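Trainee: Okay, handing you the structure first.
The values are calculated or read from the model by the stated rules, or taken from the named source; none is laboratory data. Treat the numbers as computed from the prediction; the structure is a model and nothing was measured. Positions of Cβ are generated from backbone atoms using ideal geometry, with glycine treated the same way; all protein chains shown enter the neighbour counts. Surface accessibility is based on the protein's heavy atoms, side chains included, excluding ligands, DNA and RNA. Shrake-Rupley method; radii C 1.70, N 1.55, O 1.52, S 1.80 Å.
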Amino acid sequence: MGPTRAEKKDGSAYARQLLRPGEYRYAIPSWWYAQWLSYVGMADAAGELSPSWPGDGTPTTGKPPRLDTLPLVVNGDPNHLVADLIEDVDVSFVAKGLHDLLVQTYGITGSPVPRPVYLRPGSEEPVIELKPRLAQLWLADGDGSPATKPSSPIATMMLTCTWTFEQARVKMLERLGDALKGDRTSDARISARLKRLELCRVSYIPMVEVLDDGGNQSGSGSGSGDASNNNDDGDGDGDSGAAGA
């Protein structure tokens, strides 16, 4: 059986989409992408890649196997790409529509690995932010000291270097609210904190721990802190010196 009609029509269209600022692209192994492109009749596009093929390095053809993102990330964490990956050799980034179609068709081992697209400062060139920083969201007492916390953050979210502080603050609060309303509302302490937030009381406020790509803390503060610690390595491009870009 050959590729599905959706793969040949919709998938081919998604594969040709140019980068658009504000969207997310999803990391998949380059060898897998090259095999899929050939499988659906896009040999020219496959030829633009230089994939590192698994095993003895021999290119494989035919229907691709189950999609597997685990070799691309550290300890299964989609927030942290393996160091020194080379774009279109080790890893390729595809549009969300194509990624969703591939996952639906082939399944996935590991988690999706999204990365935001932004305009490089001083140019009109859209680029993929390979190493965004993360914000771990906890709850703190009104004086800023940590409240009694569960064993893990209430929520974790990816920051992008294009957000202003106000945009980051709004998105953090939205993410925190969604997390508190989700699976953990059976916890009486969390439910009580959620009610305080919803009533706009100040007994508890969000506390943010910002992590760099290696999982190290690079800054912390309350919901009114400085969001400039989002992801700049000093060269103005916001990509933290990501390999392969």
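Trainee: Within region 63-81, restricting attention to residues that are in a loop (DSSP other than H, G, I, E, B) and touching a helix residue (DSSP H, G or I) at 6+ places or on another chain (Cβ under 9 Å), which residue is surrounded by the most Cβ atoms within 10 Å (Cβ to Cβ)?
Mentor: P64
Trainee: Here's another thing I want to ask about it. Does region 155-181 hold any residues that are assigned to a helix (DSSP H, G or I) and touching an Asp or Glu at 6+ places or on another chain (Cβ under 7 Å), and which are they? Give the steps one after another, and end with the answer.
Mentor: From region 155-181, those assigned to a helix (DSSP H, G or I) are 165-180; that's our starting set.
Within region 155-181, just F165 meets the criteria.
Trainee: On to the next question. Which condition does V89 not pass, out of (1) at pLDDT 95 or above; (2) part of a loop (DSSP other than H, G, I, E, B); (3) touching an Asp or Glu at 6+ places or on another chain (Cβ under 9 Å), if it passes all the others?
Mentor: Condition (3) is where V89 drops out.
Trainee: Something else about it: If I filter region 105-127 for residues that are at pLDDT below 85 and touching an Asp or Glu at 6+ places or on another chain (Cβ under 6 Å), do I get at least one hit?
Mentor: Just the residues of region 105-127 that are at pLDDT below 85, to begin with: 120-124.
Filter once more, keeping what is touching an Asp or Glu at 6+ places or on another chain (Cβ under 6 Å): 120.
Checking region 105-127: at least one residue is at pLDDT below 85 and touching an Asp or Glu at 6+ places or on another chain (Cβ under 6 Å).
Trainee: So which pairs qualify, if the first residue must be in region 101-120 and more than 17 Å from P78 (Cα to Cα), the second must be among the polar types (S, T, N, Q) and buried (at least 16 other Cβ atoms within 10 Å of the Cβ), the Cβ gap must be under 7 Å, and the two must be at least 6 apart or on different chains?
Mentor: Within 7 Å, the pairs are Y118/T160; Y118/T162.
Trainee: Can you report the number of residues in region 112-131 which are outside any strand (DSSP E or B) and open to solvent by 50 Å² or more (accessible area, probe 1.4 Å)? I'd like the intermediate steps shown before the answer.
Mentor: Residues of region 112-131 outside any strand (DSSP E or B): 112-113, 120-125, 129-131.
Going one step further and asking which of them are open to solvent by 50 Å² or more (accessible area, probe 1.4 Å), we end up with 112, 120-122, 124-125, 131.
So the answer is 7.
Trainee: In region 31-41, what count of residues is obtained for those that are open to solvent by less than 60 Å² (accessible area, probe 1.4 Å) and in a loop (DSSP other than H, G, I, E, B)?
Mentor: So the count comes out to 1.
Trainee: List the number of the failed condition for L49; all other conditions in (1) assigned to a loop (DSSP other than H, G, I, E, B); (2) in contact with a Ser or Thr (Cβ under 8 Å, 6 or more places away or on another chain); (3) touching a residue at least 60 places away in the same chain (Cβ under 8 Å) hold.
Mentor: All conditions pass for L49, except number (3).
Trainee: While we're looking at this one, here's another question. Within region 26-43, can you find the residues that are touching a Ser or Thr at 6+ places or on another chain (Cβ under 8 Å), free of Cβ contacts under 8 Å to residues at least 60 places away in the same chain, under 20 Å from T109 (Cα atoms) and among the aromatic types (F, W, Y)?
Mentor: Matches in region 26-43: W31 only.
Trainee: Could we say that L18 is within 23 Å of the chain's Cα centre (by Cα) and open to solvent by less than 40 Å² (accessible area, probe 1.4 Å) here? Break it down into steps so the answer makes sense when it comes.
Mentor: Values: within 23 Å of the chain's Cα centre (by Cα): yes; open to solvent by less than 40 Å² (accessible area, probe 1.4 Å): no.
So L18 fails the test.
Trainee: Of the residues D56, D100, D84, D44, only one is part of a helix (DSSP H, G or I) and loosely packed, with under 14 Cβ neighbours inside 10 Å; which? Steps first, answer last, please.
Mentor: On the way: D56 fails: part of a helix (DSSP H, G or I); D100 fails: loosely packed, with under 14 Cβ neighbours inside 10 Å; D84 fails: part of a helix (DSSP H, G or I).
Testing whether each residue is part of a helix (DSSP H, G or I) and loosely packed, with under 14 Cβ neighbours inside 10 Å leaves just D44.
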